[in-house]
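Data first, discussion second: the structure below is written as structure tokens.
No lab work stands behind these numbers, since they all come straight from the coordinates. This structure is a prediction, so every number in the text was calculated from the model and none was measured. Cβ coordinates were reconstructed from backbone atoms using ideal geometry, including for glycine residues, and neighbour counts include every protein chain displayed.
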Amino acid sequence: MNLKSARVILTGASGGIGSATALALAQSEAQLLLVDRQAEGLQQLANRLRAEGAQAHAYPADLTRGADRQAVIEHAGRVLGGIDLLINNAGLLHFNPFEEEEPQAIERLLNVNVVAPILLARAVLPLMQRQGRGRVVNIGSIFGSIGFPYFASYSASKFALRGFSEALRRELAGSGVGVTYIAPRATRTPLNRSALNRMNEALKVAMDPPERVAAAVVDAVRRDRDEVYLGWPESLFVRLNGLLPRLVDGALRRQHREMRSYATQG
Ligand SMILES: NC(=O)c1ccc[n+]([C@@H]2O[C@H](COP(=O)([O-])OP(=O)(O)OC[C@H]3O[C@@H](n4cnc5c(N)ncnc54)[C@H](OP(=O)(O)O)[C@@H]3O)[C@@H](O)[C@H]2O)c1
């Protein structure tokens with residue numbers, strides 16, 4: 001897709017990966033509707049992009065609410081005149097022993113990470129099908145291919161998003177509407193609380209700057225890519241886990257005790 005003048009809805013726009021992606025899209029001359037929960041940060045980002053000459057609008061919304069999702073789509077119609085690209089980026093992460101996760105928090109995570117992206121895609125699809133072109137980009141995770149201990153709800157949500165992306169892409173083949181699934185590895189953003197950052201450092205887990213993910217999103221859209229897995233050796237582990245999961249079981253078991261010590265830190 002040519003991003004120049006493309007009409008884009010970007011969710012989670014004022015977060016770490018979201019704001020870097022907003023900047024990269026603005027530099028590609030896309031027209032942006034920036035969506036996030038907190039109005040203030042979102043408005044500041046839109047003002048900053050506009051000051052640099054971009055076309056950017058802010059729209060605060062809680063994507064777990066159906067009325068808010070509907071309002072986002074209607075607002076995109078009003079301010080952008082249509083939708084060419086939906087980037088489902090908003091997300092929540094839990095890093096805890098599963099038995100300690102609050103049931104309501106699990107429900108919220110699944111609503112933000114799975115239900116909202118699926119229902120937003122459902123809302124934009126008829127518009128994209130009518131115009132015979134468009135793309136839905138779902139931001140997943142390496143944990144959407146490798147089930148990680150202490151990330152059970154998060155891994156489940158990203159496995160779901162990957163499955164949804166694959167199925168919908170196959171369903172829409174030849175229609176002009178594409179679906180991209182992007183799986184970043186650990187990335188330095190506010191999503192990762194300090195215990196997780198400490199664990200990543202202790203286990204020597206590489207962490208990308210959000211700009212790297214943003215560049216991958218822009219590149220994937222430009223090249224109509226189906227799936228992108230970021231990082232080496234993480235992308236190798238994804239394949240290994242698919243082919244030889246027992247091998248990965250063993251490797252993770254060796255780190256289990258250390259991971260638990262971080263996951264139980266408040
Ligand atoms: N950071 C990583 O290591 C990493 C690795 C792989 C994949 N990812 C994925 O990348 C995406 C972006 O994550 P990030 O690292 O940039 O996290 P982030 O900085 O926390 O940004 C996520 C944004 O989503 C927003 N959001 C959460 N719930 C929402 C809701 N109900 N309605 C609207 N917006 C909502 C958050 O708002 P609040 O701040 O108000 O909650 C936040 O601004 C996520 O899907 C994440 O799973 C991240």
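Any idea what angle helix 245-263 forms with the longest principal axis of the chain, computed on alpha-carbon atoms, 0 to 90 degrees, nearest 10?
90
Magnitude of the Cβ-charge dipole of the chain, K/R +1 and D/E -1, about the Cα centre, nearest 20 debye? Please report the intermediate quantities before stating the final value.
Values: 32 positive and 25 negative charges, 93 e Å.
Dipole about the Cα centre, nearest 20: 440 debye.
Compute the helix-to-body angle for 16-27: its Cα long axis versus the longest principal axis of the chain, expressed 0 to 90° and rounded to tens.
Tilt of helix 16-27: around 30 degrees.
Before anything else, pin down the relative contact order of region 112-198: Cα pairs under 8 Å, at least 6 apart, normalised by residue count, whole percent. Could the numbers behind the result be given before it?
Working: 94 pairs, mean separation 31.0, N = 87.
After rounding, I find 36 percent.
Mind checking which of TYR154, GLN104, GLY250 is farthest towards the positive end of the chain's charge dipole, using Cβ charges of +1 (Lys, Arg) and -1 (Asp, Glu) about the Cα centre?
Value computed over the given set: GLY250.
Farthest toward the dipole's positive end in the chain, which of MET1, SER141, ALA263, given Cβ charges of +1 (Lys, Arg) and -1 (Asp, Glu) about the Cα centre?
MET1
If you take the charge dipole of region 7-263 about its Cα centre, with +1 on Lys and Arg Cβ and -1 on Asp and Glu Cβ, which of MET207, LEU10, PRO190 is farthest toward its positive end?
MET207
Using only Cα atoms and rounding to the nearest 10 degrees, what angle (0 to 90) does helix 116-131 make with the longest principal axis of the chain?
On a 0 to 90 degree scale, this one is about 40.
Placing unit charges on C-beta atoms (Lys and Arg positive, Asp and Glu negative, everything else neutral), compute the dipole magnitude of region 67-193 about its Cα centre in debye, rounded to 20. Write down the numbers at each step before the final one.
Working: 14 positive and 10 negative charges, 121 e Å.
Around 580 debye, computed over region 67-193.
If packing is taken as the average count of other Cβ atoms within 10 Å, what order do 78-84, 100-106, 127-133 fall into, highest mean first?
Top to bottom by mean Cβ count within 10 Å: 78-84, 127-133, 100-106.
Calculated from DSSP H runs of 4 or more alone, at -39500 (n - 2.57) each and per residue, what is the 222 nm mean residue ellipticity of the chain, nearest 500?
Numbers: 10 runs with 135 residues, N = 266.
Taken over the chain, the calculation gives -16000 deg cm²/dmol.
What order do you get for 204-212, 185-193, 26-34 when each peptide is scored by the mean count of other beta carbon atoms within 10 Å, highest first?
Details: 204-212: 15.1, 185-193: 17.7, 26-34: 22.6.
Per-residue mean Cβ counts within 10 Å order the peptides as 26-34, 185-193, 204-212.
Report, in debye and to the nearest 20, how large the dipole of region 132-266 comes out about its Cα centre when Lys and Arg carry +1 and Asp and Glu carry -1 on their Cβ. Provide the component values of the computation, followed by the final result.
Details: 21 positive and 12 negative charges, 44 e Å.
Roughly 220 debye, rounded to the nearest 20.
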